[in-house]
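Quick note: the coordinates plus some simple rules give every number you see, no bench work behind them. Keep in mind it's a predicted model, so treat the numbers as computed, not measured. A quick note on method: Cβ atoms are made from the backbone with ideal geometry, for glycine too, and the neighbour counts reach across all protein chains shown.
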Amino acid sequence: MLWDQIYIEYKPMMFGLAYRMLGSAADAEDIVQDVFSQFVQMDRGEVRSEKAYLAKMTTNRCINQLKSSRRQRETYTGPWLPEPMPDYDMIKRSDPAERRENIGYAYLVLLQRLTPLERAIYIAKDTLGLEYHEISEMLGKTEISCRKTFSRAKQKMGHHSEKPVGEGTRTEKQERFVEAFLRASDMGNFKPLLSFLKEEVTLLSDGGGKAKAAINPILGMERVRAFFEGLSAKGSFREGFEPVSVNGEPGVLLKRDGRVSMVLTAEWEPDLSRISRIFLVVNPDKLQLFNQNSPGTAL
């Protein structure tokens, strides 16, 4: 197989793996390019499986980067959230055979609970579908160790490790929330939104010290309501929200001076009865994909 054919075939797998590991599309793209540049200089006779070897190189490079960036994460201003992806970018970069829910935004956020090794083993098993003997060879661990690590990671992932509800039901419920949010922001009255929220709902806002954001999580539906109504009263929403598909799921975005300045998405309870967490990304470094030339962000 020619180099360009190998690149076309395996780049989506490599990007999806790196994006889940790092939570950054830009860093994932850099990892893919670096790994492939190294791969083309190798003696291919040493490689039994191109897919397995590229997955191994990508995973180990991601683990090293996560370890080296740990101190940076610890000193990050406010909550750290993954970089969201507009659907047109996700479709273009990712493997079409991947399950949609396995690149959903709440899934990416939850992956941050896992250590780099747990994340690598969980993604290799849950997303790539590798067998334990393949994972152990890839990471230089025993099969027993990989099984135990996967089990521990699965417990941390909670209901996200289970089969999701039907696609149609999921999208319909989320779209109703988006419609309600758009009406609430237009009126400046977010009280009708409370019917979608758990009483203990948590709002996380990522500005990274580069945009105004809540430094601490906002807890409880009434505080979340007050947060949105306070911003609305200050004119922060004057340009209006727009519906958008984020990581395969309905969300909303806000523009300021013609550029996307906020992306909002939510995590639902397993039965879709209520929203348990709301994620706001306002760090401009993490919104670059939404501000690049594209076929349009709105649904």
**Report entry** Degrees between helix 143-157 axis and first principal axis of the chain (Cα, 0 to 90, nearest 10)
**Finding:** 10
Report summary line: In this structure, the FRET efficiency calculated for E200 and A233 from their beta-carbon separation, with R0 = 30 Å, to the nearest 0.05, is 0.75
Report summary line: For region 113-164, inverting the pair-averaged 1/r of distinct alpha-carbon atoms gives a Kirkwood value in Å of 10.8
Query raised in the report: Running Debye on the chain with equal point scatterers at the Cα sites and no solvent, what base-10 log of I(q)/I(0) appears at q = 0.07, 0.13, 0.16 Å⁻¹?
Result: -0.28, -0.94, -1.35
**Report entry** Pair K156, R71: separation of 7 Å Cα→Cβ label points (nm)
**Finding:** 2.2
Report summary line: Taking the chain and counting helices only, DSSP H stretches of n ≥ 4 at -39,500 (n - 2.57) each over all residues, the nearest-500 ellipticity at 222 nm comes to -15000 deg cm²/dmol
Report summary line: Plugging the Cβ-Cβ distance of N189 and D257 into 1/(1 + (r/R0)^6) at R0 = 22 Å yields, to the nearest 0.05, a FRET efficiency of 0.30
Query raised in the report: What fraction, in whole percent, of alpha-carbon pairs in region 167-291 exceed 22 Å separation?
Result: 29
Report summary line: Of the listed pairs K67/K156; K212/K286; K56/K154; K67/K212, those with alpha carbons more than 23 Å apart are K67/K212
Report task. Positive end of the charge dipole of the chain (Lys, Arg +1 and Asp, Glu -1 on Cβ, about the Cα centre): tell me which of W3, I278, N291 has its Cα farthest that way. Result -> I278
Requested in this report: Can you work out the PRE-style zone for K210? Point 7 Å along Cα to Cβ, and I want the residues of region 229-256 with backbone N under 18 Å.
Outcome: 254-256
Report summary line: Charge dipole of the chain built from unit charges on the beta carbon (Lys, Arg +1; Asp, Glu -1), centred at mean Cα; most positive-end Cα among V40, A55, M21 is M21
Query raised in the report: Using a simple spin-label model with points 7 Å from Cα along the Cα→Cβ vector, what separation in nm is obtained for S49 and S276?
Result: 3.3
Report summary line: Given a Förster distance of 35 Å, the FRET efficiency implied by the Cβ-Cβ spacing of L219 and T142, rounded to the nearest 0.05, works out to 0.25
Report summary line: Amide H contacts under 5 Å for S24, restricted to residues at least 5 apart in sequence or on another chain and with H modeled in the peptide plane, are E83
Query raised in the report: Hey, got the dipole for the chain? About the Cα centre, +1 on K and R Cβ, -1 on D and E Cβ, debye to the nearest 20?
Result: 860
Query raised in the report: Non-local amide H neighbours of V201 (under 5 Å, H modeled in plane, Pro and chain starts lacking H): which ones?
Result: G220, M221
**Report entry** Residue-wise HN-Hα coupling along region 244-250, computed from phi with Karplus coefficients 6.51, -1.76, 1.60 (Hz; x: Gly, Pro)
**Finding:** 8, 9, 10, 6, x, 9, x
Query raised in the report: With axes computed from alpha carbons, what is the tilt in degrees of helix 25-39 against the longest principal axis of the chain, rounded to the nearest 10 within 0 to 90?
Result: 10
Requested in this report: Please determine, in degrees from 0 to 90 and to the nearest 10, the orientation of helix 221-233 with respect to the longest principal axis defined by the Cα atoms of the chain, where the helix direction is its Cα long axis.
Outcome: 70
Report summary line: Packing-ranked peptide list from 268-276, 69-77, 190-198, highest mean Cβ count within 10 angstrom first, is 190-198, 268-276, 69-77
